[in-house]
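Before any comments, here is the structure.
The values are calculated or read from the model by the stated rules, or taken from the named source; none is laboratory data. Note that the structure is a prediction, hence the values are computed from the model and not measured. Cβ sites come from the backbone with ideal geometry, for glycine too, and all protein chains shown count toward neighbours.
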Amino acid sequence: MKGRRAGSCRLYLSLSWILLTTIGCSFAIRDYALQEVSSPKIPLRVGLYMAPSFRNYLDNRIQLGEGMRKGAEEAARKAFEDVVIIDSLSSAEIPRREIKALANPEIVGAGIVLEPTPFRTSIGYQITVKWTIWSLDGRVMYLNTFKGEGISRAHFPSIETSATLAAKEQYDKFLAHIVSHRWWEAIK
């Protein structure tokens with residue numbers, strides 16, 4: 001019974017620490033660098049559309065939007081030969097820019113994850129993003145969802161660090177997967 005009570009006490013103290021250090025605060029994803037891609041870039045000019053809900057995503061008091069926008073743009077530039085940021089899916093904007101496909105990341109889940117250990121509870125964060133790429137005639141050419149997890153293992157865990165690690169991991173998974181398949185050959 002003592003072991004169970006001690007575990008509950010550690011969890012309670014960890015949750016109390018989170019509440020005390022985050023009340024009234026807001027956090028944002030920090031800058032991070034994505035992995036280098038060893039495969040050649042996909043030979044397409046894509047339009048990267050990031051909806052306002054993606055660019056301004058807020059999970060409780062954690063500002064994910066700006067960090068996720070930067071990461072999506074960097075990942076697309078590493079994966080594709082040319083990337084054009086588009087502000088709308090208007091049919092007038094796309095043809096004049098000679099775009100061959102449209103890419104759209106969408107955050108489908110984000111949140112704090114607690115990982116209890118024998119001595120402390122680590123604070124983790126998960127971000128799940130669905131990537132859809134379709135041809136200009138509306139056919140879905142690529143669809144996949146990637147989950148990134150980050151765990152701050154510091155003595156005083158940081159939600160900001162965990163969210164940054166989760167964002168980076170998600171984009172690294174996306175990059176590794178998208179360039180390893182030849183799904184784009186049907187578009188060229």
Would you confirm, using the coordinates I've provided, whether LEU102 is farther than 21 Å from ARG30 by Cα, in a strand (DSSP E or B) and in contact (Cβ under 8 Å) with a residue 24 or more places away in the chain? yes
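Any residue at all in region 41-52 that is hydroxyl-bearing (Ser, Thr, Tyr), at pLDDT 95 or above and either under 20 Å from the mean Cα position of the chain (by Cα) or surrounded by 14 or more Cβ atoms within 10 Å (Cβ to Cβ) (or both)?
The answer is yes; a qualifying residue exists.
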What do you reckon, is ILE127 aliphatic (A, V, I, L, M), surrounded by 18 or more Cβ atoms within 10 Å (Cβ to Cβ) and either assigned to a helix (DSSP H, G or I) or touching a Gly at 6+ places or on another chain (Cβ under 6 Å) (or both)? yes
If a residue has to be farther than 25 Å from ILE112 by Cα, of a type in the set (A, V, I, L, M, F, W, C) and part of a helix (DSSP H, G or I) to count, how many in region 71-93 make the cut? 2
Residues being within 18 Å of TRP131 (Cβ to Cβ) and assigned to a strand (DSSP E or B) - total across region 42-70: 7
Would you call HIS177 out of contact with any Phe, Trp or Tyr (no Cβ under 6 Å at 6 or more places or on another chain) and modelled with pLDDT of 90 or more? yes
Specify the residue that is modelled with the lowest pLDDT; the eligible residues are those in region 146-166 that are part of a strand (DSSP E or B) and touching a Gly at 6+ places or on another chain (Cβ under 9 Å). SER152
Tell me, please, whether a residue that is of a type outside the set (A, V, I, L, M) and modelled with pLDDT under 90 can be found in region 66-85. no
